[in-house]
Amino acid sequence: MKVKALSRSTADYTRETKSDIQRLPRNIDPALHPLERAREYKRALNAAKLERMFAKPFLASLSGHIDGIYSMAKNPWDLDQIITGSGDGELRIWSLESQETMWRAPAAHRGIVRGVCNVP
């Protein structure tokens, strides 16, 4: 009588550190996956949609902040204005029509401006 035992090494599924991605067993044989073509079609379709979504033309650049912009809010009563907060603690109100700064507070925060909102 022949007996086949299933065994796997602990190195195949254990993580070295907690930040490592959990390893999962994967079978790539298409004969064992009857829905593989449908999955690949869905992935390709999603990739094409994402490419189309991010392929919009570049309209303008608002230059003025020294560091990167980390927060942004639009004015719901005046669609020409937006408020931005940057990594160096500066707040600015921009006019989108003229693409210029209308108001600025250079030392609004000591660090990164993580959020802005528009209150009437």
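Around the Cα centre of the range 53-93, unit charges on the Cβ atoms of Lys, Arg, Asp and Glu (plus for the first two, minus for the last two) sum to a dipole of about 200 debye. State whether the range 61-120 is rounded, prolate or oblate according to the following rule on the C-alpha gyration tensor (a ≥ b ≥ c being the square roots of its eigenvalues): a/c under 1.5 gives rounded; otherwise a/b larger than b/c gives prolate, and the remaining case gives oblate. Oblate is the answer for the range 61-120, as a/c is 1.5 or above yet b/c matches or exceeds a/b.
Within the full protein context, the accessible area of T10 is estimated at about 80 Å² for a probe radius of 1.4 Å.
Keeping all protein chains in place and using 1.4 angstrom, which order do Y41, Y70 fall into by accessible surface area, from largest down?
The ordering from most to least exposed comes out as Y41, Y70.
The slack in the chain from E97 to A11, taken as 0.36 nm per residue of separation less the alpha-carbon distance, amounts to 25.0 nm.
A probe of 1.4 angstrom, applied to the heavy atoms of all protein chains, finds K56 with accessible area near 150 square angstrom.
Overall, the chain carries a charge dipole of about 1020 debye about its Cα centre when +1 sits on the Cβ of Lys and Arg and -1 on the Cβ of Asp and Glu, all other atoms neutral.
So what is Rg over Rh here for the chain, counting just Cα atoms and using Kirkwood for Rh?
Rg/Rh: 1.29.
Angle check, please: helix 36-54 long axis (alpha carbons) against the longest principal axis of the chain (alpha carbons), in degrees 0 to 90, nearest 10. In the chain, helix 36-54 runs at an angle near 10 degrees to the longest axis.
The values are calculated or read from the model by the stated rules, or taken from the named source; none is laboratory data. No experiment lies behind these values; they were computed from the predicted model shown. Reconstructed Cβ throughout: ideal geometry from the backbone, glycine too, with neighbour counts over all protein chains shown. To get the accessible areas, we keep the full protein, side chains included, count just its heavy atoms, and leave off ligands, DNA and RNA. Shrake-Rupley method; radii C 1.70, N 1.55, O 1.52, S 1.80 Å.
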